[in-house]
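Have a look at the structure below before the remarks.
The values are calculated or read from the model by the stated rules, or taken from the named source; none is laboratory data. Small disclaimer: the values here were computed from a predicted structure and weren't measured. Note that we place each Cβ from the backbone using ideal geometry, even for glycine, and neighbour counts take in every protein chain shown. Heavy atoms of the whole protein, side chains included, go into the accessibility calculation; ligands, DNA and RNA do not. Shrake-Rupley method; radii C 1.70, N 1.55, O 1.52, S 1.80 Å.
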Amino acid sequence: METQRRGRKIALTGAEVDTLLTEERVCRVATLTSSGAPHLSPLWFVWDGTSLWLYSIVRSQRWTDVRRDPRTAVVVDGGGGFTELHGVELRGRFEPVGPVPRTGDEDAPELATPERLFAAKYGGRPDGSMFHDGRHGWLRLTPEKAASWDHRKLGR
């Protein structure tokens with residue numbers, strides 16, 4: 001993954017990026033529509049230490065965009081005031097993984113980790129497993145480039 005050159009002084013460390021991507025609950029996903037206009041949407045996500053995973057409705061503008069052009073940018077951030085802002089932008093390409101849509105009836109060992117993480121983060125079934133409604137599928141983003149910022153480091 002390419003790392004940033006500008007703003008190194010306020011960049012998040014690798015460990016800080018992992019913490020942010022593990023603890024924050026909402027990301028903002030940018031895709032490109034057929035006209036080339038951006039489409040931006042907030043979503044729940046999980047981070048497995050290498051890739052960002054989205055459980056997305058397969059009949060959505062986002063899914064349509066990704067099937068046509070998988071390029072994306074995703075922002076995960078936190079903080080309220082200017083001196084509290086911190087976040088990371090991940091760029092790369094989404095790839096669908098596993099059955100589309102996912103019903104839970106299919107054997108999909110490649111989804112074991114993201115589904116376990118998702119159920120733990122957002123509340124799964126009482127047995128800790130993931131709920132499937134047959135309307136969602138998994139998208140994986142393994143970042144090609146990342147840029148981060150942490151305004152809490154300003155003035156240090």
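Assorted remarks:
- Taken along the Cα-to-beta-carbon direction at a fixed 7 Å, the label points for ASP18 and LEU40 span 3.0 nm.
- Straight-line cross-link partners of LYS153 among the lysines, defined as a Cα under 27 Å from its Cα and at least 8 positions apart when in the same chain: LYS9, LYS145.
- Distance between the pseudo-spin-label points of ASP133 and ASP107 (7 Å out from Cα toward the beta carbon): 2.9 nm.
- THR72 - accessible surface, heavy atoms, 1.4 Å probe, Å² rounded to 10: 10 Å²
- Cα centroid separation, the range 116-156 to the range 42-77: 10 Å.
- Selected from PRO96, TYR55, GLY36, residue furthest toward positive end of dipole (the range 1-100; charges at beta carbon): GLY36
- Only aspartates and glutamates eight or more places from LYS121 in sequence, or on another chain, were considered; those with a Cα closer than 20 Å are GLU16, ASP18, GLU23, GLU24, ASP48, ASP77, GLU110, ASP133.
- Selection from TRP138, ALA108, HIS151, by position along the positive dipole direction of the chain (Cβ): HIS151
- Net dipole in debye of the chain [+1 Lys, Arg Cβ; -1 Asp, Glu Cβ; about Cα centre; nearest 20]: 680 debye
- Answer label, with Cα extents along the principal axes in Å calculated from the coordinates and candidates [x] 61, 24, 21; [y] 47, 36, 30; [z] 53, 42, 27: [z]
- FRET efficiency estimate (nearest 0.05) - Cβ-Cβ, TYR122 to THR142, R0 25 angstrom: 0.70
- Contact order for the chain, expressed relative to its length and based on alpha carbon pairs under 8 Å spaced 6+ residues apart, stands at 32 percent.
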